[in-house]
Amino acid sequence: MTVKEFFSLFEEELKGNKELTDYHRVVNSPKLYHFRKAYLEQRMNFVMSQITKPGARIWDVGCGFGTTSILLALNGHKVVGTTLEYYYEQMQERLKYWGQFGDLSNLSFEYKNMFDESPESQSYDYIVAQDTLHHLEPFDQAVRIFHDVLKPEGKIVVSEENGNNIVCNIKHFRERGFRRVKTIYDERLKKDILIGDENTRGLKKWRQEFEIMPFKFDEESIEYIRYFFPGKYTGSNTDEIIAEEQKLWKKSPMKREMMFFGMNFTIEKK
């Protein structure tokens, strides 16, 4: 199933699920529809382009509402999605909907803290981390777990907010100040959990974080996304806008580092 085909069915699902609509925020604002759709589709297309092994075993860490996990499973991959989110209870309803369109027998979801119980050593071909890395603490421990559970030459496929973005940094500072890590109490697990509070980083900082283990950044996979404001999107010009943005970040280091909202990259286990 292509991303375009998936998204068409996804929008139908959104119409009947308010919490899912509030989470993804694609169809709940006509003015922002094309802007948000383009961003989400770019991230999905990136993940799909990086997972090239047929029938791969994938850990979708911090899978949220499970949207990417479902897409990957419908394309024949064996996926385990783990989350600590309250909407975990709704996963089964999503599986009923998507089960109409393909085989989801190789998809499972778990409510689990990866630091309490990490997967078996060398058990995954890929790890997908979308808006997840900046929540993982202690992060050095997370890096060691990732390296352990990946098979040789396995990859981490990452979509993250650009931690150098000026607007995002101002917003996060207003919300949490300098305190980038906090402790929360998990009602289901009945324990305190350490979590990054929008502890985003730029690409250079992510490189440094992963240096503690034998990992290699795939330079050709790196891309920055979302530079223009919502008003530029009309629906018919989305492909042109994306193409313009892709040229822009490669040409202008300052705009790439300070003004682009998101970034995608993969990291390979040596």
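The values are calculated or read from the model by the stated rules, or taken from the named source; none is laboratory data. Everything numeric here is computed off the predicted structure, so don't read it as measured data. Cβ coordinates were reconstructed from backbone atoms using ideal geometry, including for glycine residues, and neighbour counts include every protein chain displayed. In case anyone asks, the SASA skips ligands and DNA or RNA and just uses the protein heavy atoms, side chains included. Shrake-Rupley method; radii C 1.70, N 1.55, O 1.52, S 1.80 Å.
Listed by position, the strands (runs of 3 or more DSSP E) inside region 185-262 whose residues that are surrounded by fewer than 17 Cβ atoms within 10 Å (Cβ to Cβ), in contact (Cβ under 8 Å) with a residue 24 or more places away in the chain and among the β-branched types (Val, Ile, Thr) number at least 1 are 191-196.
Can you pull out the residues in region 114-132 that are surrounded by 15 or more Cβ atoms within 10 Å (Cβ to Cβ) and either under 20 Å from residue 57 (Cα atoms) or more than 20 Å from the chain's Cα centre (by Cα) (or both)? Within region 114-132, 114, 118, 119, 123, 124, 125, 126, 127, 128, 129, 130, 132 meet the criteria. Only one of the numbered conditions (1) of a type outside the set (A, V, I, L, M, F, W, C); (2) in a strand (DSSP E or B); (3) surrounded by fewer than 16 Cβ atoms within 10 Å (Cβ to Cβ) is violated by residue 93, and that is (2). Within region 49-56, the presence of at least one residue that is under 28 Å from residue 246 (Cβ atoms) and part of a helix (DSSP H, G or I) is confirmed.
The single residue among 4, 15, 37 that is at pLDDT 95 or above, of a type in the set (Lys, Arg) and open to solvent by 60 Å² or more (accessible area, probe 1.4 Å) turns out to be 4.
What about residue 77, is it under 23 Å from residue 199 (Cα atoms) and either among the hydrophobic types (A, V, I, L, M, F, W, C) or out of contact with any Lys or Arg (no Cβ under 6 Å at 6 or more places or on another chain) (or both)? Against the criterion (under 23 Å from residue 199 (Cα atoms) and either among the hydrophobic types (A, V, I, L, M, F, W, C) or out of contact with any Lys or Arg (no Cβ under 6 Å at 6 or more places or on another chain) (or both)), residue 77 does not qualify. Only one entry of 65, 46 meets the criterion of being outside any loop (DSSP other than H, G, I, E, B) and of a type outside the set (S, T, N, Q), and that entry is 46. Please tell me if residue 180 is among the basic types (Lys, Arg) and touching a helix residue (DSSP H, G or I) at 6+ places or on another chain (Cβ under 6 Å). Criteria not met by residue 180.
Once region 247-270 is narrowed to residues that are polar (S, T, N, Q) and touching an Asp or Glu at 6+ places or on another chain (Cβ under 7 Å), the residue that is farthest from residue 226 (Cα to Cα) is 266.
If we keep just the residues of region 137-155 that are under 15 Å from residue 80 (Cβ atoms) and within 19 Å of the chain's Cα centre (by Cα), which is surrounded by the most Cβ atoms within 10 Å (Cβ to Cβ)? The qualifying residue surrounded by the most Cβ atoms within 10 Å (Cβ to Cβ) is 146.
Only residues that are of a type outside the set (D, E, K, R), touching a Leu at 6+ places or on another chain (Cβ under 9 Å) and in a strand (DSSP E or B) were counted across region 72-88, and they come to 3.
So how many residues does region 72-90 have that are among the aromatic types (Phe, Trp, Tyr) and either more than 20 Å from the chain's Cα centre (by Cα) or open to solvent by less than 20 Å² (accessible area, probe 1.4 Å) (or both)? Matching residues across region 72-90 total 1.
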